[in-house]
Each structure stands twice: as structure tokens, then as C-alpha cells.
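Trainee: Sharing a structure below in C-alpha cells format, with a few things to ask.
The values are calculated or read from the model by the stated rules, or taken from the named source; none is laboratory data. For clarity, every value in this text was computed on a predicted model and none was experimentally measured. Please note: Cβ atoms are built from the backbone with ideal geometry, for glycine as well, and neighbour counts cover all protein chains shown.
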Amino acid sequence: MQYYSLNNKAPKVSFSEAVIKGLAPDRGLYFPESITPLPASFFENIENLDKVEIAYQAIRQFVGDEIPEKELKEILKDVLDFDFPVIDFKENIGTLELFHGPTMAFKDVGARFMARCLGYFNRNNENHVTVLVATSGDTGGAVANGFLGVKGVDVVILYPTGKVSDIQEKQLTTLGQNITALEVEGVFDDCQDMVKTAFLDTTITDHKQLTSANSINIARWLPQLFYFLFAYKQVKSKQKDIVFSVPSGNFGNICAGIVAHKLGLPVKHFVASTNVNDTVVRYLKTSEYNPKPSRATISNAMDVGNPSNFIRIQKLFGNNFEVLKNSFSAYSFNDDQTKDAMKEIFDATGYVADPHGAVGYLGLKEYELNGNDYGIFLETAHPVKFLDIVEETLDTKVEIPSQIQKVIKKEKKSIHIHSYEKLKEFLLQ
Ligand SMILES: *Cc1c(COP(=O)(O)O)cnc(C)c1O
């Protein structure tokens with residue numbers, strides 16, 4: 001499988017090159033040259049396939065022959081060693097829980113898959129890379145955990161001091177080994193700017209192969225399509241029309257869902273649910289794409305003003321606005337609505353949703369399911385990741401799961417930096 005840049009000004013590359021580079025040299029996102037639907041028998045028999053077999057069949061064409069079957073299945077077995085349950089929630093609605101991984105955020109699967117692919121590509125010590133990533137919270141923890149101990153990969157995580165939750169900070173700063181946390185005096189956008197500057201700085205890139213670990217990287221983006229297949233396997237016997245509502249920030253997760261649909265997954269409609277960072281919602285109303293700087297919300301993993309994967313979504317719908325609107329809607333909700341939804345869910349069902357999941361639930365309500373629809377909203381983080389807001393809103397205690405308790409007890413290690421020059425010094429030392 002070859003990948004081309006959506007800016008169309010860079011050479012085509014193989015899967016491994018696309019993963020190692022992250023972004024194409026013309027700053028475009030890589031996109032697969034073709035997407036071939038899976039045979040109908042795959043969906044007819046999906047209830048008899050296990051997670052690894054489903055994932056293998058789905059990802060095979062995207063990886064091509066660069067990772068042999070045996071090794072690819074081992075990677076998938078390792079990456080997918082936890083559950084992805086659909087919880088029946090109320091009449092015609094379920095939630096797909098994606099938070100049972102090691103850092104309790106859905107980014108675990110993508111981060112682990114990317115890490116193990118890079119590990120495989122470096123098996124002969126020929127492809128040493130440095131992963132440079134800015135985080136406002138969840139990405140950093142998942143990347144740190146996913147890449148820990150992977151040979152030939154150094155990970156440098158930049159996060160804004162005082163702006164991530166205590167649990168998130170511990171997840172970033174306590175692992176050691178090949179993971180370094182840089183604590184930046186500033187806000188998330190400052191971290192992001194430093195990372196972008198480093199990628200363009202040839203005094204660094206002449207010495208080091210830098211790559212990114214957010215959803216612009218195909219190895220972090222594509223494996224998210226598994227979630228939608230796993231959900232289908234669980235609800236297929238209901239014989240309903242499936243509507244997915246995906247809490248969206250950079251739109252990587254929902255974009256992967258649309259790839260699953262291209263592979264033949266029966267889906268009636270996709271709903272992108274956002275907080276007040278509503279660039280895509282406004283686009284669907286006006287057909288004008290006007291990104292704005294991000295605004296802080298209680299669902300902060302979705303505080304994105306210019307979603308990087310939206311260009312891939314447009315491509316998947318043939319860059320046709322009407323075709324896009326037929327299968328895809330987007331709605332935005334403010335923090336008060338989100339808190340009200342958390343309370344409504346809790347009072348009606350006893351279920352504790354995190355703010356991101358609550359936004360997903362609101363998206364389903366806004367879409368208005370009909371009698372033969374089954375709506376699934378994705379629960380992208382465990383409520384413990386947003387402990388303060390959840391406990392305060394619901395006036396209840398959230399039990400802290402063991403994987404989080406372990407990390408809370410560990411000692412934080414980070415390096416303070418104040419400027420880009422310090423980052424550069426660190427990378428070149
Ligand atoms: C990253 C994240 C999202 C947004 O996912 P995208 O793929 O960027 O749209 C939603 N919820 C949580 C908890 C996240 O960490």
C-alpha cells in the first residue's frame with residue numbers, strides 16, 4: 001500500500017515511511033492510495049471472529065507486506081488486550097466504552113499500535129526515531145505508556161505547566177526510561193508551536209528523525225477503525241440501523257469510523273459531537289471553513305480550533321459537500337449543556353459519564369433517532385480522568401481504578417523549559 005500527501009506535492013511513500021515521517025514533506029497528511037472493501041462474508045461472520053482476527057483483516061491492506069502476518073497479529077494481540085464493551089444504556093442507545101486500556105483513554109490503542117510498528121521497523125537498529133508530542137492532557141499519557149521501553153524510540157512530551165490534571169501529569173512524568181516530560185511555562189498552544197517549529201528546524205532534523213504521535217500519524221489514526229467493527233459485532237443481532245456519535249476534537253476517531261464504513265461496515269449515519277469549538281459545525285451550516293483559536297472547556301481533549309483530520313473526512317466523501325452532509329452531521333454543546341447531560345444520564349441510569357462521553361450522548365439526542373435506529377455514543381475517557389468536574393457535577397465519588405492508583409503514588413520527574421531554544425538544546429544534546 002502506498003500513501004500520498006493530501007497536499008499533492010510530495011512523493012508517495014510506503015506504510016513504514018509514512019509512519020516514520022508522520023507528516024509528508026509538503027506538510028500534507030498522508031492518505032491511503034486505495035481503500036478496498038472487505039468481503040461480505042467478513043461482516044456475515046463477524047460474531048465468530050475474535051478481536052485480533054477482526055483487526056487483522058481490517059488493517060492488513062493498510063500495512064501491506066511490510067509487517068508479516070505472524071508479527072502483525074502479535075502486535076495486534078498485544079495492543080488489544082482489554083475489552084471494548086457496548087453497554088446497553090436505554091431504549092435504542094448504547095455506549096461503546098473505549099477506556100479500559102492502561103491509561104483509561106481511547107488513545108491507548110492508537111499509541112500502542114504506532115509504538116509497536118516503530119519498534120518493528122527498528123528491529124535491525126536502522127530506524128531510530130524521536131517522537132515529539134505536545135499534549136493538553138490525554139495524548140501524553142497514552143503515548144508515554146504505549147512507547148515505554150520500545151527500542152530505538154525516544155519520546156519527548158511537552159505539556160503546559162499547571163494546565164493538565166494531577167492524574168494526567170503523573171501519567172506523563174513518572175515512567176522514566178525512554179520517556180522524557182518537558183514542562184513548559186505557557187499554555188498548550190505554546191507547546192504545540194514549539195513542536196511545529198522543531199519539525200521545520202533543519203539544524204535538528206539533519207541530526208534526528210523526528211516524528212509526531214498525534215492522529216495525523218497514520219499508525220495512530222487507522223487502528224481506531226477497530227472500535228467501530230467491535231461495536232458492530234456486539235449489536236449486530238439487534239438488526240437495527242446504527243448511528244455513531246463520536247466526541248470529536250481533531251476528528252481522527254470519527255474519520256477512522258468512516259474508513260470502517262468504506263470497508264463495508266453498515267452504518268446509517270455519523271454524528272460528530274463537539275464542545276463550543278465548533279469549526280466543523282459552522283462549516284456544515286454555511287459551507288465555509290473558518291477555523292478559530294481554541295477555547296477552553298470541561299471536555300478539554302476536544303478543545304481544537306482547526307481539526308487536522310477534517311481534510312481526510314472530506315476526501316473520504318469525495319470532497320463533495322452534499323455527499324458529506326447525507327451521512328455526516330455535527331453538533332456543538334456548551335459546558336452547561338454538558339453538565340446537564342451528565343446529570344440526566346446519572347439520574348436516569350446511574351451511569352457516570354465523563355464530559356466527553358456526555359457530549360457524545362447529546363449529539364445522539366440532537367440527531368433524533370427513529371424507531372429502527374440504534375445510537376451508539378463513544379465513551380472516550382474514564383470519568384476518573386476528569387475527577388474534579390465529575391464529582392462536583394454529580395455530587396458523587398468516583399472509585400479510583402487500580403491502574404490509576406499505581407501511578408498516583410509514583411514520583412514526578414520533569415524538566416522545566418521556558419523557550420524554544422531550551423527544547424532545541426535538549427534535542428541536540
Ligand atoms: C482525544 C480525545 C477526544 C477527541 O478525539 P479526536 O480523534 O481528536 O477527535 C475525545 N475524547 C477524549 C477523552 C480524548 O482524549
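Trainee: Filter segment 301-333 for residues that are among the β-branched types (Val, Ile, Thr), surrounded by fewer than 20 Cβ atoms within 10 Å (Cβ to Cβ) and within 15 Å of the ligand (Cβ to nearest atom) and give the result.
Mentor: Scanning segment 301-333 gives a single hit, Ile311.
Trainee: In the set Val384, Val407, which member is within 25 Å of the chain's Cα centre (by Cα), modelled with pLDDT under 95, away from the ligand (no atom under 16 Å from the Cβ) and assigned to a helix (DSSP H, G or I)?
Mentor: It is Val407.
Trainee: Just for segment 252-279: of the residues that are among the hydrophobic types (A, V, I, L, M, F, W, C), out of contact with any Ser or Thr (no Cβ under 7 Å at 6 or more places or on another chain) and part of a helix (DSSP H, G or I), which one is surrounded by the most Cβ atoms within 10 Å (Cβ to Cβ)?
Mentor: Applying the filter and picking the extreme gives Cys255.
Trainee: Still on this structure, I have one more. Collect the residues in segment 387-399 that are free of Cβ contacts under 8 Å to residues at least 24 places away in the same chain and outside any loop (DSSP other than H, G, I, E, B), keeping them in residue-number order.
Mentor: Selection gives Glu391, Glu392.
Trainee: Continuing with this model, one more query. Say whether the condition of being over 30 Å from Ile46 (Cα atoms) and modelled with pLDDT of 95 or more is met by at least one residue in segment 245-256.
Mentor: no
Trainee: Could you check segment 185-196 and list, in sequence order, the residues that are over 23 Å from the mean Cα position of the chain (by Cα) and either within 25 Å of Gly252 (Cβ to Cβ) or crowded, with 17+ Cβ neighbours inside 10 Å (or both)?
Mentor: Gly186
Trainee: Mind listing just one residue for me: the one in segment 275-300 that is farther than 15 Å from Phe317 by Cβ and touching a helix residue (DSSP H, G or I) at 6+ places or on another chain (Cβ under 6 Å) and, of those, nearest to the ligand (Cβ to nearest atom)?
Mentor: Step by step, filter segment 275-300, then rank; the result is Ser299.
Trainee: Still on this model: When Thr161 is evaluated against the numbered criteria (1) under 18 Å from Lys208 (Cα atoms); (2) touching an Asp or Glu at 6+ places or on another chain (Cβ under 6 Å), which criterion, by number, is the only one it fails?
Mentor: Unmet for Thr161, out of (1) under 18 Å from Lys208 (Cα atoms); (2) touching an Asp or Glu at 6+ places or on another chain (Cβ under 6 Å): (1).
Trainee: Taking helices (runs of 4 or more DSSP H) that do not extend beyond segment 14-95, which have at least 3 residues that are of a type in the set (A, V, I, L, M) and buried (at least 16 other Cβ atoms within 10 Å of the Cβ)?
Mentor: 15-21, 51-63, 69-79
Trainee: Then there's this: Touching a residue at least 24 places away in the same chain (Cβ under 8 Å), among the hydrophobic types (A, V, I, L, M, F, W, C) and away from the ligand (no atom under 13 Å from the Cβ), is that true of Leu200?
Mentor: no
Trainee: Another question, if that's okay. Could we say that Arg112 is basic (Lys, Arg) and within 13 Å of the chain's Cα centre (by Cα) here?
Mentor: Judged against the criteria, Arg112 is a match.
A quick yes/no check of all residues on (1) closer than 30 Å to Ile46 by Cβ; (2) of a type in the set (Val, Ile, Thr); (3) in contact with a strand residue (DSSP E or B) (Cβ under 8 Å, 6 or more places away or on another chain):
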position	(1), (2), (3)
Pro266	yes, no, yes
Val271	yes, yes, yes
Asp303	no, no, no
Gln337	no, no, no
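Trainee: Follow-up. Only one of Gly357, Gly249 is under 18 Å from Phe377 (Cα atoms), within 12 Å of the ligand (Cβ to nearest atom), assigned to a loop (DSSP other than H, G, I, E, B) and touching a helix residue (DSSP H, G or I) at 6+ places or on another chain (Cβ under 9 Å). Can you tell me which?
Mentor: Result of the check over Gly357, Gly249: Gly249.
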